[in-house]
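Working notes, beginning with the structure itself.
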Amino acid sequence: MIGEITDAHTKQDIQDAKALGIDAFALNINKLEKWATNTVDRLFKNADELGFGLFFSFDMAEGAGYFTAPDQFQSYLKPFLTRKSYFKYNDKAIVSTFGGEGVSAGQWTSFKQAMGNVVVIPGYYQKGAYSNIFDNNNGLDGVFNWNSWPTFTEGKAKVSTNDDKVFLDAANAKQKLFMMGMSSLQFKHMDGNGQNWYRRGADNLEHRMEQALTLQPHMIEIQTWNDGGESHYMGNLWPEPMTNAVAIKKYVDGYDHKGYWQVLPAFIKAYKAGDKDTSNMVPTNGKSVQGAFWHHTLTAGANCDADPIGKPKEIATQAEDAVSGIVLVAKGKTGLIAVVNNGGKELGKLALKEGYNKFKFDGMGAGKVQVEVWEGTTMVLGGYGPKEVKTSDSLCNYNFQVVGLGV
């Protein structure tokens, strides 16, 4: 997400992403105003110098008052296409969107004629996948399935790959590209007028990793690096774009998500190697064990009636009082057990195998959450959530606390 971010912070974002194995940022931009374009300029300057990729994802969300047709951003886009850091696929610059389902084939064709050597991969989210997406539409070179969570009505279900498979099969049949999304939770709590929702996060990211390796999409977009508003950020949240975002600041302050960095590199490495399962996802830090866990810090049935916005209605059907996580174990290492404790009691434990281990233990209640890995009577590694779980609060905050083991 593009906000007003300083030069030093854009540089740090790029350095951190590169260290994780990420190849490029998709720059989601909704307005060509100075606060946005200044940040874009800083990003490209630093990406050029550091050898990192950037491409645009223009926000075409229906009814949001942003872009409605590609000719509205083509003159802004064109000078960037020749930049050293502009991310390309087979020497063609990638152009993506959020939304834009209503853009016609003719509009995209005209856009490509004006832009030249580009690959158009819009990100669709409003309706399910359809197998004829590329029929009679040479304007599209691929599609990105933005929906990386169960739908609002599916309850406590794991995210389905049905739409991913439909899009992937359609892309392969027409020699097009499929970009798959991968995310954690989605929680937005800005106001009571359509900006207050929740999409299931328990058993999502860890499950989506398995799905992505099995399906082998042409590209994967991690959602997201810094979208604090929807709580699925996995990178840095800098203070400057939050200055006027008072509502968002309330539910992201103190909720650092960089614990995900303990498991993302192993996944990225496996995907780039063409692995079709998680068996080679092992620690990337040179140690025998690496991992992270995450959970809400407010129980699903908690009293937060003092919050004027109120709970998202989906909390009742999708939120879970559970601790989820991933533990990676080095090849040949055996005899380890992960133990999850909450409020002074054991929620569950898991005998760990070499490679990838995921867990979700229900029954979380008030108190601190900790995850420790033991080898016999020796504790090998531990992670301790700084925020205690509450059963009442003045804010209905269902953001995740994300904790890296041993960091």
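Could you give the size of the charge dipole of the chain about its Cα centre, using +1 on the Cβ of each K and R and -1 on the Cβ of each D and E, expressed in debye and rounded to the nearest 20?
With Lys and Arg at +1 and Asp and Glu at -1, about 680 debye.
Might you report the magnitude of the Cβ-based charge dipole of the range 6-62 about its Cα centre, with Lys and Arg at +1 and Asp and Glu at -1, to the nearest 20 debye?
It works out to roughly 120 debye.
Which of the trypsin sites (Lys or Arg not before Pro) across the range 35-95 are loop residues per DSSP, with 15 or fewer other Cβ within 10 Å?
When the trypsin sites (Lys or Arg not before Pro) of the range 35-95 are filtered for loop state and at most 15 Cβ neighbours within 10 Å, Arg83, Lys84 remain.
Which whole-number percentage describes the relative contact order of the range 352-391, with Cα contacts under 8 Å and a sequence gap of 6 or more?
39 percent
Provide the gained length on full extension for the span Asn172 to Ala19, in nm with one decimal, where the gain is 0.36 nm per separating residue minus the Cα-Cα distance.
51.9 nm
Out of Val340, Val329, Val103, any idea which swings most in a Gaussian network model of the chain, alpha carbons joined below 10 Å?
Of the options given, Val103 has the highest mean-square fluctuation.
For the range 283-377, what is the relative contact order in percent, using Cα pairs closer than 8 Å and at least 6 residues apart in sequence?
30 percent
How many nm is it between the label spots at Gln107 and Lys84, if each spot is 7 Å from the Cα in line with the beta carbon?
Result for the modelled spin labels: 3.6 nm.
Applying 1/(1 + (r/R0)^6) with R0 = 51 Å to the Cβ-Cβ distance of Glu240 and Lys276, what FRET efficiency is obtained, to the nearest 0.05?
Efficiency for this residue pair is about 0.75.
Could you tell me the calculated FRET efficiency between Lys269 and Ala306, based on Cβ-Cβ distance and R0 = 45 angstrom, to the nearest 0.05?
E(calc), rounded to 0.05, equals 0.50.
Please work out how much length the chain gains when fully extended from Glu388 to Lys353, using 0.36 nm per residue of separation minus the C-alpha to C-alpha distance, in nm with one decimal.
9.6 nm
Take the Cα pairs of the range 305-407, get the Kirkwood Rh, then feed it into Stokes-Einstein at 10 °C and 1.306 mPa s and tell me D in µm²/s.
Estimated via Stokes-Einstein, D reaches 105 µm²/s.
Could you pull out which residues in the range 52-79 have an amide N less than 16 Å from a spot 7 Å beyond the Cα of Lys127, following the Cα-Cβ vector?
Label zone hits: 62-63.
What residue among Tyr198, Tyr260, Tyr66 shows peak mean-square fluctuation when the chain is described by a Gaussian network model with Cα springs under 10 Å?
Largest GNM mean-square fluctuation: Tyr66.
Quick one: compute the contact order of the chain, relative version, from alpha carbon pairs under 8 angstrom and 6+ residues apart, as a percent.
Over the chain, the number comes to 12 percent.
Evaluate the distance, in nm, between pseudo-label points positioned 7 Å from the Cα of Glu375 and of Ala8 along their respective Cα→Cβ axes.
4.1 nm
Hey, if you put +1 on the Cβ of every Lys and Arg and -1 on every Asp and Glu Cβ in the chain, which of Phe152, Gly367, Leu140 ends up farthest toward the positive end of that dipole?
Leu140
Select from Ala322, Asn303, Thr391 the residue farthest towards the positive end of the dipole of the range 289-404; place +1 on Cβ of Lys and Arg, -1 on Cβ of Asp and Glu, and compute about the Cα centre.
Of the listed residues, the answer is Ala322.
Only four residue types carry charge here, +1 at the Cβ of Lys and Arg and -1 at the Cβ of Asp and Glu. Report the dipole size of the range 289-404 about the Cα centre in Debye, rounded to the nearest 20.
My answer is approximately 360 debye.
Let me know the Kirkwood hydrodynamic radius for the chain, please, with Cα pairs as the basis and the value in Å to one decimal.
The answer is 22.1 Å.
Please compute the modelled spin-label separation between Thr153 and Asn193, points set 7 Å along Cα→Cβ, answer in nm with one decimal.
Placing both labels 7 Å beyond Cα along the Cβ direction yields 2.7 nm.
Every number in this text was worked out from the coordinates using simple rules, so none of it is lab data. Computed from a predicted structure; not experimentally measured. We place every Cβ from the backbone using ideal geometry, glycine too, and count neighbours over all the protein chains shown.
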